[in-house]
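To start, the structure under review is shown below, and the notes come after it.
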Amino acid sequence: MFTIIGIICVVLAVIGGFVIEQGPLRVLYQPAEALIIFGSVLGAFFIGSSRTMFARVLKSIRLILTMRHDSRQSYLELLGLMNLLFAKMRREGVASIERDVERPGDSRIFADYPLVSRDPAVVLFICDTLRVFLTTGDQSEIEKLMKLDMETMRDQAEATAAMISKMAESLPGLGIVAAVLGVILTMGQISQPPEILGRSIGAALVGTFLGVLFCYGFIGPMAIKLENLAQERDMYFNVIRAGVAAAVSGSSPIMAVEYGRRAIPEDVRPTFFEMEEWLKSGRH
C-alpha cells in the first residue's frame with residue numbers, strides 16, 4: 001500500500017506542478033522516447049543478470065507492492081511456538097519433537113500458530129536447525145549454522161536490491177541516449193521554423209526527464225525498500241536464532257523465549273508480562 005501511495009504522490013507532484021505552470025500534458029507523451037529508455041534498460045537487465053537473479057527480481061516485485069510487516073502479534077506467535085517446542089524438549093526429551101520438525105505440516109504445534117507456519121522459510125529455518133541438533137546433539141555448532149543461514153539469506157536479498165538499484169542508476173544515462181537521438185533528429189530539421197524545432201527539442205528532452213524521474217522517483221526507492229525489508233527479515237530470524245541457541249544450550253523454555261523476546265525490535269517488542277500472560281493463556 002505504501003508503495004502505491006508513494007507512486008501516486010510522485011506522479012501528482014511532478015505532473016501537477018507541470019500542469020500548474022500551464023504545461024501541456026501532450027508534450028510529455030513521447031512513446032518513442034519511452035521505448036528507447038525502458039527497452040534499453042530491460043535489455044541491459046537481461047544482459048547483466050543470471051537466470052537465478054532474473055527469478056529473484058521478478059519475485060521481489062510482489063514484495064515491493066505488499067505491506068509485509070512483522071507485527072507484535074506475529075512475534076508473540078513466534079515466541080509461543082518456540083515455547084511449546086522448548087517445553088516439549090525439556091519435558092519429554094529432545095527426541096520428542098522429531099515428528100514435529102520432520103513433518104511440520106502435520107504438527108499440531110505448528111498448526112496452532114498460522115502466522116509462523118505459513119512462512120516456509122521460517123518453518124524450514126526452525127526445523128532444519130532443530131533437526132541437526134536432534135541428529136548430532138552438538139550444541140556448540142548450532143548458533144554458527146544459524147548465523148551462516150541468516151547471512152546467506154541476507155546476502156541474497158541485498159544482491160537482489162543491488163541489482164534493481166543498478167538498473168535505476170542506468171536510467172538517467174539511457175534517458176540521455178534517448179535525448180541525444182532526439183537532438184540528432186532535430187538537427188535534420190534545422191531549416192524548419194522555430195515552432196517545429198522547439199517541439200522537436202522538447203520531445204528530445206522528455207527522454208532525459210523520464211530517465212531521471214524513474215531513477216529517483218520510482219525504481220531507486222523500490223531498491224531501498226527491498227533493503228529495508230531484508231533488514232526487517234533479518235531481525236525476525238535473529239529472534240529465532242537467539243531463542244533456539246539458548247534452548248539447545250540448556251536454558252529453561254521461558255528463559256530461552258526471553259532471549260528471543262529481547263531480540264525483537266523495540267517498536268513491536270511485547271513486555272515480559274505481556275509475553276507471559278499470552279503464553280499462559282494459550283492464545284493463538
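What follows is calculated from the coordinates using simple rules that are stated; it is not laboratory data. Being a predicted model, the structure only gives us computed values, none of them experimental. Cβ placement follows ideal geometry from the backbone for every residue including glycine, while neighbour counts extend to all protein chains displayed.
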Q) Taking the simple approach of a point 7 Å from Cα along Cα-to-Cβ for both THR3 and LEU148, what is their distance in nm? A) 3.3
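Which whole DSSP H helices in the chain pass both tests: a Cα extent of 20 Å or more along the axis and a mean Kyte-Doolittle value no lower than -1.0?
On the way: long enough: 2-20 (26 Å, 2.93); 31-48 (25 Å, 1.78); 51-65 (22 Å, 0.81); 72-92 (30 Å, -0.13); 120-136 (23 Å, 1.57); 142-187 (68 Å, 0.66); 194-214 (30 Å, 1.39); 220-248 (42 Å, 0.31).
Taking the DSSP H segments of the chain (at least 20 Å long, mean hydropathy at least -1.0), we get 2-20, 31-48, 51-65, 72-92, 120-136, 142-187, 194-214, 220-248.
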Q: Mind putting a number on the dipole of the chain about its Cα centre? Charges go on the C-beta only, +1 for Lys and Arg and -1 for Asp and Glu, and I need it in Debye to the nearest 20.
A: 400
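Using 0.36 nm per residue, how much length does the chain from ARG62 to VAL212 gain when fully extended, once their Cα-Cα distance is taken away?
Working: separation 150, 0.36 × 150 = 54.00 nm, distance 2.40 nm.
Extending this stretch completely gives an extra 51.6 nm.
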(Q) Rounded to the nearest angstrom and ordered from largest down, what semi-axes does the equivalent ellipsoid of the chain get from its C-alpha gyration tensor (root of 5λ)? (A) 54, 20, 13
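Which FRET efficiency value, to the nearest 0.05, is calculated for ARG103 and GLU195 with the Förster distance at 45 angstrom and r the Cβ-Cβ distance? Could you put the intermediate results ahead of the total?
Details: r = 75 Å, r/R0 = 1.66.
Working from the Cβ atoms, E equals 0.05.
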Q.
Per 0.36 nm of contour for each residue apart, how much would the distance between ASP155 and ALA32 grow if the chain were fully extended, relative to their Cα-Cα spacing?
A. 40.5 nm
Q: Taking 7 Å along the Cα-to-C-beta vector as the label spot, tell me the LEU12-GLU232 distance in nanometres, rounded to one decimal.
A: 2.2
Q. How large is the helix-only mean residue ellipticity at 222 nm for the chain, computed as the sum of -39500 (n - 2.57) over DSSP H runs with n ≥ 4, divided by its residue count, in deg cm²/dmol to the nearest 500?
A. -26000 deg cm²/dmol
Q) If R0 is 41 Å, what FRET efficiency do you get for GLN139 and ALA162 from their C-beta distance, rounded to 0.05? A) 0.70
Q: Quick one: of LYS59/LYS280; LYS144/LYS225; LYS88/LYS144; LYS225/LYS280, which pairs are farther than 32 Å apart, Cα to Cα?
A: LYS59/LYS280; LYS225/LYS280
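Could you calculate the contour length gain from PHE272 to ALA44, that is, 0.36 nm times the residue separation minus the distance between their Cα atoms, to one decimal place in nm?
On the way: separation 228, 0.36 × 228 = 82.08 nm, distance 5.16 nm.
Between PHE272 and ALA44, full extension yields 76.9 nm more.
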Q) Taking region 100-189, which trypsin sites (Lys or Arg not before Pro) meet the DSSP loop condition and have no more than 15 other C-beta atoms within 10 Å? A) ARG118
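Please identify every one of the trypsin sites (Lys or Arg not before Pro) in region 235-284 that sits in a loop by DSSP and has no more than 12 other beta carbons within 10 Å of its own beta carbon. Walk me through the numbers before you get to the answer.
Values: sites: ARG241, ARG261, ARG262, LYS280, ARG283; in loops: ARG283.
Within region 235-284, the qualifying trypsin sites (Lys or Arg not before Pro) (loop, at most 12 other Cβ atoms within 10 Å) are ARG283.
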